[in-house]
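Remarks on the structure that follows.
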Amino acid sequence: MSSSDYSSSGGEEEMEELDLFHYRRLTLIGRRIEEASSLRRRSTSRTYIDRERVSGHNRLMQDYFNPNPTYDARVFRRRFRMQPRLFNRIMGDVVRYDPSFARRSDAVGHLGLSPEQKLTSALRMLAYGSPADQLDEYVRMGESTVLEVFRKFCRAIVGMYSSTHLRAPTPCDLRILLHKALQRGFPGMIGSIDCMHWEWRNCPTSWTGQYLGHNRKPTIILEAVASYNTWIWHAFFGPPGSNNDINVLGMSPVFNRILNGSAPRVRFEVNGHTYDQCYYLADGIYPSWSTLVKTFSNPSSNKEALFARCQEAHRKDVERAFGILQARWAIVRGPARSWDVATINDIMLTCIILHNMIIEDEQVDSDDEMEDSLDYEVHDQQPTNVNRDIPTLTEYLARNNRLRAAPTHHGLRQDLVEHIWNLHGNN
């Protein structure tokens, strides 16, 4: 064999060995990719769990909704925070508003979740602040399903009831509020205003400085106006926790109806002076506006001390409303766990709307009885219609100056001091 033949044969063997090496290498890489893909599929695939939803529905119905339930109305009221009649009313409205809450069958004819199961899961999350996974054992719903139903329920409540249970007082409502205020010694007062902070646990890191509140944790602020029965007439939610009450008031639409001229006008008399604009009770941080009446931080006389005690006692209406709201709906007592502000806003508004609906359903005072006593003799203390045309800039500025008039604030407060002293000073 010649040297050329030998070198040719050796080159072919080396090429075969190199090809075999690359083949084995590629085979090994392909096997590892396949193993990794199989492991990924196993780790991300959802395991089917037969939760026996029908039996869960039957047990829930027997516990609370059948003619002879296991738990009576008192237990239902404690666990659902409302009477059964209100629950049934809300359930019917929600099913009509969002058909996804109705009970349906899947492609193979299996019955899905019932409206009772869906609303129970949503209300339990609101009432107890429960994580979604904790409800699986009783309502037989997976975590992702519970969260989806919860978000839809909050959007439905806000969409259906905001116009009726989260609105400004109507003329009829104002007559009742003014009547109650007159009995309490504050003619012309229609509520008290204050702010509450709700901690935001999952606040994005880039927003932490903006939402850092007074307790050095990210918070979101709720501004509310509440009346004698803790009904919340105004709710402005969303300002970052780094703001104080004055900053929130500057962003709030609470006085927009006064500025655009659409608010009912009310005339009342205090200490011989006539006023034509209602007011709220507020704490010392608020500005000296004609629509706000503050207390005296350092009373200089017995009259001012008596007024301060009465004002601070009645200003607690909004504080009581915050306390009842947090006690009734534990989800707003603990830190908010949602990631986006829109969902947190829906949760807060849902709790406020349901709070008002429960007050309306269980109120002790009868509107019929109160209507009989509304003809009290106070100088035209009934709302009158106003011009609702689009205001000009001059009219807007005039209303704004009138709203922020500090002399009116001080004059009204001094008249209230004399009025309360005449009522209670000799007792």
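What about Pro239, is it on the phi < 0 side of the Ramachandran plot, modelled with pLDDT under 95 and either in a strand (DSSP E or B) or not assigned by TED's automatic domain parsing to the domain that holds Arg399 (or both)? In short, yes. From the set of residues in segment 320-362 that are of a type in the set (Asp, Glu) and surrounded by fewer than 16 Cβ atoms within 10 Å (Cβ to Cβ), which is farthest from Leu123 (Cα to Cα)? Out of the qualifying residues, it is Asp340.
The sole residue among Cys154, Cys172, Cys203 that is part of a helix (DSSP H, G or I) and under 18 Å from the mean Cα position of the chain (by Cα) is Cys154. Considering Ser338, Ser297, Ser262, the condition of being under 21 Å from the mean Cα position of the chain (by Cα), at pLDDT below 90 and either polar (S, T, N, Q) or in a helix (DSSP H, G or I) (or both) is satisfied by Ser338 alone. Return yes when Leu111 is modelled with pLDDT under 85, in the same structural domain as Asp133 (by TED's automatic domain parsing) and in contact with a helix residue (DSSP H, G or I) (Cβ under 8 Å, 6 or more places away or on another chain) and no when it is not. Yes: the conditions hold for Leu111.
Looking across segment 59-95, the residues that are part of a helix (DSSP H, G or I), within 23 Å of the chain's Cα centre (by Cα) and touching a residue at least 60 places away in the same chain (Cβ under 8 Å) come down to Arg85, Leu86, Ile90, Asp93, Val94.
Among the residues of segment 279-319, which ones are within 30 Å of Met125 (Cα to Cα) and of a type in the set (Val, Ile, Thr)? Val318, the sole residue that qualifies.
Residues satisfying the criterion are absent from segment 96-119 (criterion: without any contact (Cβ under 8 Å) to a residue 24 or more places away in the chain, under 24 Å from Thr70 (Cβ atoms) and assigned to a helix (DSSP H, G or I)). If you go through segment 160-213 and keep only what is more than 25 Å from Arg257 (Cα to Cα) and of a type in the set (D, E, K, R), you end up with Arg184, Glu199, Arg201.
In segment 267-288 there is no residue that is assigned to a helix (DSSP H, G or I), under 24 Å from the mean Cα position of the chain (by Cα) and touching a residue at least 40 places away in the same chain (Cβ under 8 Å). Can you name the residue in segment 175-200 that is assigned to a helix (DSSP H, G or I), out of contact with any Ser or Thr (no Cβ under 9 Å at 6 or more places or on another chain) and of a type outside the set (A, V, I, L, M) and, of all such residues, is nearest to Asn247 (Cα to Cα)? Within segment 175-200, the match that is nearest to Asn247 (Cα to Cα) is Arg175.
The values are calculated or read from the model by the stated rules, or taken from the named source; none is laboratory data. Just so it is clear, the structure is predicted and the values come from calculations on it, not from any experiment. Reconstructed Cβ throughout: ideal geometry from the backbone, glycine too, with neighbour counts over all protein chains shown.
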